[in-house]
Amino acid sequence: MNFTRTTLACALALGTTFAGAQTTAKLKVGLMLPATGTFASLGTAIENGFRLHIAEQGGKLAGREIEFFKVDDESDPSKAVDNATKLVSRDKVDVLVGTVHSGVAMAMAKVAKDTGTMLIVPNAGADAVTGAMCAPHIFRSSFSNWQPGYAMGEVMAKRGHKNVVTITWKYAAGDESVRGFREAFEKGGGKVVKELALPFPNVEFQALLTEIAAARPDAVYTFFAGGGAVKFVKDYAGAGLRGKIPLYGAGFLTDGTLEAQGADAQGMFTTLHYADSLNTARDNAFRLAYAKAYKLQPDVYAVQGYDAAQMLSVGLAAVKGDIGKKAEFAAALRKAKIDSPRGPFTISNSHNPVQDIYLREVGGKENKSIGIASKALADPGRGCRM
Ligand code: BEZ
């Protein structure tokens, strides 16, 4: 076989053609999400959203069919490096997509950095992922923990609250959400009088609720999500605090949870980069397609999964399917405007969405937008040197 024929044979084996260098082999996507535990339903919504975008593209992105490899990360940081390494080394995925839990996402970012694997984070807000750990091939389609917390700090200061107690899980997401909240709230003249926390995913809230009642703050700010958020809102009401001390939160407190929280969540205010009642043509079309495909209403997690696939789509199109061209992939995303159901967003130089944060009020089974709390809010991206 002469040089040309050998090269051609190799190229075909790799799924690459010469004319325009389009890569055609299947793209291996490693989905690392929780399928069990307090965040299980969040993982399902992310996967649904991700698959919906691909289905809308006829099952291919940039001409490449998608092959999925899946692992249940159990929202357990102690298993995260092993789980991500399995996808990268055993399954040889081209891109990692995950996850929900900030501690697990930081381990994924480490594996992505060590192995040069593309990573798109469809939820976990760990500030470091698009801060100190940022890299040309690490992206996030969701938010940084700082963003909804900071927006709520401004809202609560403007609403005249002065003394606030915070309560959350003691791990990166809770700590950083409270830090963002505190930064804006204290800038606005308020004071965080007590920070309460319990280990993730503990839901024995009683002793801490007793402390809140004794401290008698003007209001409470909280970060909880998934099954823990359902229980917290119900226990807050059960302890007799609802109606006495207003409860606010980053929007995860009431997203995907309202069915189970029922009357105990009515009237609560939260801040988030999505709401149920946006009533834009883009969001209405997304909601209809999602409801048709899954017989479920979408939530913020579904949107983030959908947008992770949209980001992959934009990057891949720019490199004609050759995901190895990381610099060109990143350059395309940094210039892009993602046409998200949440509203269009851009991507910062450290690869986190720059986006509007809505102020939402719970009414019935919806988080209704009652305005924009922070317009085009960018994470400060501390520590990113790319
Ligand atoms: C996190 O761990 O970053 C997280 C988990 C659930 C909802 C939002 C953030």
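For residues in the range 162-183 being within 13 Å of the ligand (Cβ to nearest atom) and not in a helix (DSSP H, G or I), which is surrounded by the fewest Cβ atoms within 10 Å (Cβ to Cβ)?
K170
Kindly establish whether G262 is in a helix (DSSP H, G or I) and within 16 Å of the ligand (Cβ to nearest atom).
Spelling it out, it is not the case that G262 is in a helix (DSSP H, G or I) and within 16 Å of the ligand (Cβ to nearest atom).
Would you say T117 is over 18 Å from D379 (Cα atoms) and of a type in the set (S, T, N, Q)? Step through it out loud before you land on a result.
Numbers: over 18 Å from D379 (Cα atoms): yes; of a type in the set (S, T, N, Q): yes.
Criteria met by T117.
Would it be correct to say that A219 is in contact (Cβ under 8 Å) with a residue 40 or more places away in the chain, among the aliphatic types (A, V, I, L, M), surrounded by 18 or more Cβ atoms within 10 Å (Cβ to Cβ) and within 16 Å of the ligand (Cβ to nearest atom)?
Spelling it out, it is not the case that A219 is in contact (Cβ under 8 Å) with a residue 40 or more places away in the chain, among the aliphatic types (A, V, I, L, M), surrounded by 18 or more Cβ atoms within 10 Å (Cβ to Cβ) and within 16 Å of the ligand (Cβ to nearest atom).
On the given criteria, is N367 within 16 Å of the ligand (Cβ to nearest atom), over 15 Å from S142 (Cα atoms) and touching a residue at least 60 places away in the same chain (Cβ under 8 Å)? Show your work before the answer.
Numbers: within 16 Å of the ligand (Cβ to nearest atom): yes; over 15 Å from S142 (Cα atoms): yes; touching a residue at least 60 places away in the same chain (Cβ under 8 Å): yes.
So N367 fits the description; yes.
Please specify each residue of the range 32-72 satisfying the condition of being hydrophobic (A, V, I, L, M, F, W, C), within 18 Å of the chain's Cα centre (by Cα), buried (at least 19 other Cβ atoms within 10 Å of the Cβ) and part of a helix (DSSP H, G or I).
L42, A45, I46, F50, L52
Check S78 against each of (1) closer than 28 Å to A327 by Cβ; (2) polar (S, T, N, Q); (3) surrounded by fewer than 23 Cβ atoms within 10 Å (Cβ to Cβ) and name the one condition it does not meet.
If we test S78 against (1) closer than 28 Å to A327 by Cβ; (2) polar (S, T, N, Q); (3) surrounded by fewer than 23 Cβ atoms within 10 Å (Cβ to Cβ), just (1) comes out false.
Is at least one residue of the range 349-365 part of a loop (DSSP other than H, G, I, E, B), modelled with pLDDT of 95 or more and touching a Lys or Arg at 6+ places or on another chain (Cβ under 7 Å)?
Within the range 349-365 (the criterion being part of a loop (DSSP other than H, G, I, E, B), modelled with pLDDT of 95 or more and touching a Lys or Arg at 6+ places or on another chain (Cβ under 7 Å)), the answer is yes, since at least one residue qualifies.
How many residues, within the range 91-113, are of a type outside the set (V, I, T), assigned to a helix (DSSP H, G or I) and either in contact with a helix residue (DSSP H, G or I) (Cβ under 9 Å, 6 or more places away or on another chain) or within 15 Å of the ligand (Cβ to nearest atom) (or both)? Quick ask: steps written out before the conclusion?
Filtering the range 91-113 down to residues of a type outside the set (V, I, T) leaves 91-92, 94, 96, 98, 101-103, 105-110, 112-113.
With the extra rule that they be assigned to a helix (DSSP H, G or I), the set shrinks to 102-103, 105-110, 112-113.
Next, only the ones that are either in contact with a helix residue (DSSP H, G or I) (Cβ under 9 Å, 6 or more places away or on another chain) or within 15 Å of the ligand (Cβ to nearest atom) (or both) stay: 102-103, 105-110, 112.
Going through the range 91-113 one residue at a time, the tally reaches 9.
Spot the failing condition for D72; the list is (1) among the charged types (D, E, K, R); (2) within 14 Å of the ligand (Cβ to nearest atom); (3) closer than 20 Å to Q304 by Cα, and only one is missed.
(2)
Quick one: how many residues across the range 114-132 are under 23 Å from P148 (Cβ atoms), at pLDDT 95 or above and in a loop (DSSP other than H, G, I, E, B)?
Here the count works out to 5.
So the check is Cβ under 8 Å with 6+ separation or different chains; which pairs have a first residue in the range 183-212 that's at positive phi and a second one that's surrounded by fewer than 18 Cβ atoms within 10 Å (Cβ to Cβ)?
Going by the 8 Å Cβ cut-off, the qualifying pairs are G189/K162.
Checking the condition more than 16 Å from the ligand (Cβ to nearest atom), closer than 24 Å to V104 by Cβ and not charged (D, E, K, R), which residue from F205, F252 passes? Full working, then the answer.
Details: F252 fails: more than 16 Å from the ligand (Cβ to nearest atom).
Testing whether each residue is more than 16 Å from the ligand (Cβ to nearest atom), closer than 24 Å to V104 by Cβ and not charged (D, E, K, R) leaves just F205.
Going through S374, S369, S340, S313 one at a time, which residue ends up being among the polar types (S, T, N, Q) and out of contact with any Ser or Thr (no Cβ under 9 Å at 6 or more places or on another chain)? First the steps, then the outcome.
Details: S374 fails: out of contact with any Ser or Thr (no Cβ under 9 Å at 6 or more places or on another chain); S369 fails: out of contact with any Ser or Thr (no Cβ under 9 Å at 6 or more places or on another chain); S340 fails: out of contact with any Ser or Thr (no Cβ under 9 Å at 6 or more places or on another chain).
Result of the check over S374, S369, S340, S313: S313.
What are the residues in the range 265-300 that are in a helix (DSSP H, G or I) and either under 18 Å from N123 (Cα atoms) or of a type in the set (F, W, Y) (or both), if any? Break it down into steps so the answer makes sense when it comes.
Quick first cut of the range 265-300, residues in a helix (DSSP H, G or I) only: 265, 281-294, 300.
Result: F286, Y290, Y294, V300.
Which members of the range 128-147 meet the condition of being surrounded by fewer than 24 Cβ atoms within 10 Å (Cβ to Cβ) and within 15 Å of the ligand (Cβ to nearest atom)?
Listed by number, the residues that qualify are A128, G131, M133.
Do we have any residue at all in the range 347-355 that's within 29 Å of G267 (Cβ to Cβ), surrounded by 14 or more Cβ atoms within 10 Å (Cβ to Cβ) and of a type outside the set (F, W, Y)?
The first filter runs over the range 347-355 and keeps only residues within 29 Å of G267 (Cβ to Cβ), leaving 353, 355.
Next, from what is left, pick out any that are surrounded by 14 or more Cβ atoms within 10 Å (Cβ to Cβ): 353, 355.
In the following step, the residues that additionally are of a type outside the set (F, W, Y) were identified as 353, 355.
Scanning the range 347-355, I find at least one residue that is within 29 Å of G267 (Cβ to Cβ), surrounded by 14 or more Cβ atoms within 10 Å (Cβ to Cβ) and of a type outside the set (F, W, Y), so the answer is yes.
The values are calculated or read from the model by the stated rules, or taken from the named source; none is laboratory data. Note that this is a predicted model, so its numbers are computed, not measured. When we count neighbours, we look across all protein chains shown, and the Cβ atoms used for this are built from the backbone with ideal geometry, even at glycine.
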